[in-house]
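J.: Below you'll find the structure I mean.
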Amino acid sequence: MYEATQAELSQYEELGFFVREQVFSGEELIELRAGAENVHRQILEAADRPDANPVDQVDNQKYQSVLSSTIKWEWRDDLRAVRSMEPTGHLDARLDAMIDDPRLYAPVLSIDRCDRLSVFSDKLNVKRPGGAPFPWHQEGLYLEHGAEDLQSIVSTLTYLDEGTKENGCLWVIPGSHKQGNLQGLRDRGVLGALYTDVDLIDGEAIPTEVPAGSVLYFHRDLVHGSQRNRSQTSRRVFVVAYQSSGLHRWRSNQKREVRIR
Ligand SMILES: O=C(O)CCC(=O)C(=O)O
């Protein structure tokens, strides 16, 4: 009933993404945002414990493993927040249940032409007011290290808050997925190689400005990124990547089947 339409499938093939607006209702979003804040709070508390794992620094980014989640810090003089946490479903039942919601996964069944799926990864990105940009990149470059069936991976990004240019919504370069793995930035440290040099590619970026509760479905090679949050409120997104049934989660010995309804 929630499968992708022919128009959505064509757009996915041609442009590398499509959007479904207001998939989740206002009442559901209150719960999902509470779930996101619950995860963020648990992680901050655990990271403050004396026996917490050490913080690793790669270039100017700080990473830490907390509560079985790999977190990326947003850590400046005026802000100590966690900008991304992966995975998070095990830390809040409301986010975990979202993974099994047919409104989220059913279009992926259509894209992959299958009737079962497993979870590749789930990630919560919290961009607080002033939160930093996310450089241009393609998921495929990261995911090929460890994916058991790269071709089947489809990413979904659900806006728990509205997406606006001001609050740092995701920008995409339509059609860029057709160009395959693209050249990374040179002379920009270890992480630079994973960021796309958009000066070398064709296509114009567009913002995905959408109401809260909207879902973006996108191809692993679509070039995307986001800008600083210049608004006064948080911009939170939950990113679930699905893959063929029966496979391990990314960088994990666990498997998590989608409970298809
Ligand atoms: O949250 C964002 O703005 C960036 C999302 C994204 O591209 C990612 O997490 O890979």
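The values are calculated or read from the model by the stated rules, or taken from the named source; none is laboratory data. None of these values were measured; they are calculated from a predicted model. Cβ placement follows ideal geometry from the backbone for every residue including glycine, while neighbour counts extend to all protein chains displayed.
J.: Tell me yes or no: at least one residue of region 156-169 is free of Cβ contacts under 8 Å to residues at least 60 places away in the same chain and within 14 Å of the chain's Cα centre (by Cα).
T.: no
J.: Take region 2-18 and flag every residue that is in a loop (DSSP other than H, G, I, E, B) and within 16 Å of residue 203 (Cα to Cα). Steps first, answer last, please.
T.: Residues of region 2-18 that are in a loop (DSSP other than H, G, I, E, B), as a first pass: 2-5, 16.
16 - this is the single residue of region 2-18 that is in a loop (DSSP other than H, G, I, E, B) and within 16 Å of residue 203 (Cα to Cα).
J.: Still on this model: Looking at 70, 5 in this structure, which one is surrounded by fewer than 18 Cβ atoms within 10 Å (Cβ to Cβ), among the β-branched types (Val, Ile, Thr) and under 17 Å from the mean Cα position of the chain (by Cα)?
T.: Working: 5 fails: under 17 Å from the mean Cα position of the chain (by Cα).
After ruling out the rest, the residue left standing is 70.
J.: Within region 109-151, track down each residue that is crowded, with 18+ Cβ neighbours inside 10 Å and farther than 24 Å from residue 176 by Cα.
T.: Result: 117, 118, 119, 124, 126, 127, 128, 131.
Yes/no per residue for (1) over 19 Å from residue 221 (Cα atoms); (2) touching a residue at least 60 places away in the same chain (Cβ under 8 Å):
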position: 105; (1), (2): yes, yes
position: 111; (1), (2): no, yes
position: 116; (1), (2): yes, yes
position: 121; (1), (2): no, yes
position: 127; (1), (2): yes, yes
position: 131; (1), (2): yes, yes
position: 134; (1), (2): no, yes
position: 143; (1), (2): no, yes
position: 151; (1), (2): no, no
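J.: Another one. Name, by its number, the condition in (1) more than 16 Å from the ligand (Cβ to nearest atom); (2) aliphatic (A, V, I, L, M); (3) assigned to a helix (DSSP H, G or I) that does not hold for residue 95.
T.: For residue 95, the failing item is (1).
J.: Taking into account only those residues within region 183-208 that are of a type in the set (D, E, K, R) and within 21 Å of residue 14 (Cα to Cα), which is farthest from the ligand (Cβ to nearest atom)?
T.: In the first step, residues of region 183-208 are kept if they are of a type in the set (D, E, K, R); the result is 186-188, 197, 199, 202, 204.
Add one more test, that the residue is within 21 Å of residue 14 (Cα to Cα), and what stays is 202, 204.
Details: 202: 20, 204: 18 Å.
By that ranking, first place goes to 202.
J.: Condition first: under 13 Å from the mean Cα position of the chain (by Cα), among the hydroxyl-bearing types (Ser, Thr, Tyr), buried (at least 18 other Cβ atoms within 10 Å of the Cβ) and under 22 Å from residue 233 (Cα atoms). Can you find one or more residues in region 73-85 that meet it?
T.: First pass over region 73-85, keeping only residues under 13 Å from the mean Cα position of the chain (by Cα): 83-85.
Next, from what is left, pick out any that are among the hydroxyl-bearing types (Ser, Thr, Tyr): 84.
Adding the requirement that they be buried (at least 18 other Cβ atoms within 10 Å of the Cβ) leaves 84.
Of the ones still in play, those that are also under 22 Å from residue 233 (Cα atoms) are 84.
Looking through region 73-85, at least one residue is under 13 Å from the mean Cα position of the chain (by Cα), among the hydroxyl-bearing types (Ser, Thr, Tyr), buried (at least 18 other Cβ atoms within 10 Å of the Cβ) and under 22 Å from residue 233 (Cα atoms).
J.: Let me ask something else. I want to confirm something. Restricting to region 67-89 and keeping residues that are out of contact with any strand residue (DSSP E or B) (no Cβ under 8 Å at 6 or more places or on another chain) and modelled with pLDDT of 85 or more, which single residue is nearest to residue 256 (Cα to Cα)? Give the derivation first.
T.: So the first thing to find is which residues in region 67-89 are out of contact with any strand residue (DSSP E or B) (no Cβ under 8 Å at 6 or more places or on another chain), and the list is 67-68, 76-79.
Those still in the list that are modelled with pLDDT of 85 or more too: 67-68.
On the way: 67: 18, 68: 15 Å.
Of everything passing the filter in region 67-89, 68 is nearest to residue 256 (Cα to Cα).
J.: Still on this model: Identify all residues within region 139-182 that are more than 29 Å from residue 247 (Cα to Cα) and away from the ligand (no atom under 14 Å from the Cβ); write none if there are none.
T.: Scanning region 139-182 gives a single hit, 174.
J.: Limited to region 224-249, what total is found for residues that are more than 10 Å from the ligand (Cβ to nearest atom) and more than 27 Å from residue 31 (Cα to Cα)?
T.: Residues that pass the stated criteria total 5.
J.: Here is a further query. What's the total number of residues in region 199-220 that are touching a helix residue (DSSP H, G or I) at 6+ places or on another chain (Cβ under 9 Å) and surrounded by fewer than 19 Cβ atoms within 10 Å (Cβ to Cβ)? Can you show your working first?
T.: Looking only at region 199-220, we keep the residues that are touching a helix residue (DSSP H, G or I) at 6+ places or on another chain (Cβ under 9 Å), and these are 201-203, 205, 212-213, 215, 217-220.
Next, only the ones that are surrounded by fewer than 19 Cβ atoms within 10 Å (Cβ to Cβ) stay: 201-203, 205.
So the answer is 4.
J.: Something else now. For region 153-165, indicate whether the set of residues that are among the basic types (Lys, Arg), surrounded by 15 or more Cβ atoms within 10 Å (Cβ to Cβ) and modelled with pLDDT of 95 or more is non-empty. Break it down into steps so the answer makes sense when it comes.
T.: Here is the first cut: in region 153-165, the ones among the basic types (Lys, Arg) are 165.
Filter once more, keeping what is surrounded by 15 or more Cβ atoms within 10 Å (Cβ to Cβ): none.
Looking through region 153-165, none of the residues is among the basic types (Lys, Arg), surrounded by 15 or more Cβ atoms within 10 Å (Cβ to Cβ) and modelled with pLDDT of 95 or more.
J.: So how many residues does region 19-57 have that are outside any helix (DSSP H, G or I) and surrounded by fewer than 18 Cβ atoms within 10 Å (Cβ to Cβ)?
T.: Going through region 19-57, the residues outside any helix (DSSP H, G or I) turn out to be 19-25, 49-57.
Right, trim to surrounded by fewer than 18 Cβ atoms within 10 Å (Cβ to Cβ) and you get 21-22, 25, 49-57.
Number satisfying all stated conditions: 12.
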